[in-house]
Amino acid sequence: MMKRTLAAGLAALLLASAATLPSQAAPVKVGMITTLSGGGAGLGIDVRDGFMLALKQAGDAGAEVEVIAEDDQQKPDVAVQIADKMIQSDQVDILTGII
């Protein structure tokens, strides 16, 4: 429950930040690293889907947020590689979803 509250709070913060940006600004890029396969997939899928639902319910403000979701496969070394890729190649503004 606390993680869902945290995810909802983060989504609200992102949307509030995105709403104050000029309309020509690039969308806020959010990198979401979570477990989408294996035994912990249920929680990771719920986190991802809850975050996406919050963006959808935000309406126009959510349109200025681009989410890049990746599966960490419950392996710390894979998560580190994904985080490096998201920061360096995808140039995300925020990383979230880590369980």
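Side notes on the structure shown:
- Here the range 53-67 is the region considered, the condition is being surrounded by fewer than 16 Cβ atoms within 10 Å (Cβ to Cβ) and among the hydrophobic types (A, V, I, L, M, F, W, C), and the residue that is nearest to the chain's Cα centre (by Cα) is 53.
- For the range 29-40, the set of residues classified as out of contact with any strand residue (DSSP E or B) (no Cβ under 6 Å at 6 or more places or on another chain) and within 18 Å of residue 67 (Cβ to Cβ) consists of 34, 35, listed by residue number.
- Checking residue 92 against (1) of a type outside the set (Asp, Glu); (2) modelled with pLDDT under 95; (3) part of a loop (DSSP other than H, G, I, E, B), the condition it does not meet: (2)
- Scanning the range 54-70 for residues that are farther than 16 Å from residue 92 by Cα and either at pLDDT 95 or above or of a type in the set (S, T, N, Q) (or both) returns a single hit, 57.
- Qualifying residue in the range 10-28 (condition: at pLDDT 95 or above and touching a helix residue (DSSP H, G or I) at 6+ places or on another chain (Cβ under 8 Å)): no
The values are calculated or read from the model by the stated rules, or taken from the named source; none is laboratory data. Keep in mind it's a predicted model, so treat the numbers as computed, not measured. So basically every Cβ, Gly included, is an ideal-geometry build from the backbone, and we count neighbours across all protein chains shown.
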